[in-house]
Amino acid sequence: MSYTYSVFKDETKLDISYVPARLIHRERELRLLEEFFSFIFKTPGKMTQRVIIAGAVGTGKTALAQRFGIDIMKKAEEHNLRFRYIHVNCREYRGSLFLILHHVVSAFHPNFPRRGFSSEEMLRILMQILDEQDVHVILTLDEFESLVERDGSEAVYKLTRLQETRLGMPQRLSMIFIVRSLKPLESLDPSSRSTLQSNIICLDAYTQEQLVDILNDRVKLAFKPFTVMEETVNLIAELASSEGGNARLAIELLWRAGKYADAEGFNIVTPECARKAASSIYVLAKKSDLAYLGLHEKLFLLGVARLFKESDRAYATLSELERAYMIVCEEYGETPHSHTQLWKYLQNLAAQGILKAKVSSQGQRGRKTLISLLGIPAEELDKTITQLLGRK
Ligand SMILES: Nc1ncnc2c1ncn2[C@@H]1O[C@H](COP(=O)(O)OP(=O)(O)OP(=O)(O)O)[C@@H](O)[C@H]1O
Ligand SMILES: [Mg+2]
């Protein structure tokens, strides 16, 4: 058959270079950024601004700045203001101020020669170009740490004290600095630090609920209707939130889970696809760790594996797992251990990152413990444990 079915409608919406039209749960930060730079339209040339965006991996720093950049470019066009938003990843230029500035200059003069200039001269040339073209710029220095690490205080000083050498001239160059942590800035000399630390926007790690919203939005954009199970989205959000609330990881897991579904010829993306995706990204439960588990922990895990393998679910209750464990015990001719024992096994397996237990908030019959299998596909777990237990 030449036609192969795909769960995807538009995979590009899951690409890292895609800038989402809506930044869910970052509306407040986006407004704050707009507020900081509103002077560009009110009093162009009269002032400049510096803003730091700080947050851990995958908290949406780059996406926030890029969304802001696209929006402000559009607004500037409506206002007939000569304005450019330029986004540079410092790491791509090995943290070299010279190479970064060369890149910025090239945005105005492609093929600008690289040789024969120092970074001070490059900065002077840039300002001259901005004056000649009567243009205002917001320059975002993404992954700014790498510039601080390589070129240190001096580079930061040159950038931030720029206007002081241009007394009486229009102010043209504002900056956004993106960092994962404010720590590296502590190594700067006090004057560079003080000019930097005026406006800081801190992005908190996404909660599991926020990740669910972000994922659902992408599901709508990238997948055909009804191809991604709600349980799958919940499991991915759970995985990504236990890895520090990282939206990039969440979106990558979603994409890979879809890829697994396509590869297996499924027309829906099940939680097992997400577990397979996760195990291909990081192996939480190394097979060798499983070998050190006690006999009944292995039997319990085998029950877990069977239950998740046979159902398309992400979560199970302890009593359901207990039942699965009892069936396995029968099969292996072992007397099942008590409920209290199982509870201890669960804690141990959770501590090792193989299982995760959480207390559900909903449910008519009060609170229940919901258990999910993380980091290893049920099928692989079943195979590995069965092997470890040997023939019976
Ligand atoms: N609020 C959000 N709504 C929709 N998508 C988001 C949101 N936040 C982040 N994303 C998406 O998650 C991924 C990671 O975000 P981003 O690249 O901005 O993280 P980051 O904070 O820059 O991480 P790093 O420190 O690794 O550079 C991107 O694909 C981005 O589009
Ligand atoms: Mg980034």
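The values are calculated or read from the model by the stated rules, or taken from the named source; none is laboratory data. Every value quoted in this text rests on a predicted model; they were computed, and no experiment measured them. Methodologically, a virtual Cβ is constructed for each residue, glycine included, from the backbone with ideal geometry; neighbour enumeration extends over all protein chains shown.
General observations
- Residues that are surrounded by 15 or more Cβ atoms within 10 Å (Cβ to Cβ) and without any contact (Cβ under 8 Å) to a residue 24 or more places away in the chain, drawn from segment 254-268: K259, Y260
- Residue within segment 120-134 that is in contact (Cβ under 8 Å) with a residue 60 or more places away in the chain and under 25 Å from K46 (Cα atoms) present: no
- The lone exception for Q210 - which of (1) surrounded by 15 or more Cβ atoms within 10 Å (Cβ to Cβ); (2) modelled with pLDDT of 95 or more; (3) out of contact with any His (no Cβ under 6 Å at 6 or more places or on another chain) it fails: (3)
- Tally, over segment 242-280, of residues that are more than 13 Å from ligand 1 (Cβ to nearest atom) and assigned to a helix (DSSP H, G or I): 20
- Any hit, segment 327-334, residues being assigned by TED's automatic domain parsing to the domain that holds T384 and under 15 Å from T384 (Cβ atoms): yes
- Across segment 49-106, the number of residues qualifying as under 30 Å from T207 (Cβ atoms), in a helix (DSSP H, G or I) and within 16 Å of ligand 1 (Cβ to nearest atom) comes to 13.
- Scope segment 6-46; condition touching a residue at least 60 places away in the same chain (Cβ under 8 Å), within 30 Å of E164 (Cα to Cα), more than 16 Å from ligand 2 (Cβ to nearest atom) and not in a loop (DSSP other than H, G, I, E, B); matching residues: L32, F36, I40
- Within segment 47-103, being within 13 Å of ligand 2 (Cβ to nearest atom) and of a type in the set (A, V, I, L, M) holds for I53, A54, A56, V57, A63, L64, A65, V88.
- Within segment 13-56, tally of residues that are among the hydrophobic types (A, V, I, L, M, F, W, C) and closer than 20 Å to K75 by Cα: 13
- Selection over segment 222-248 of residues that are more than 17 Å from R26 (Cβ to Cβ) and in contact (Cβ under 8 Å) with a residue 60 or more places away in the chain gives a count of 13.
- Per-region count, segment 198-215, residues more than 15 Å from the chain's Cα centre (by Cα) and either away from ligand 2 (no atom under 16 Å from the Cβ) or over 26 Å from I52 (Cα atoms) (or both): 3
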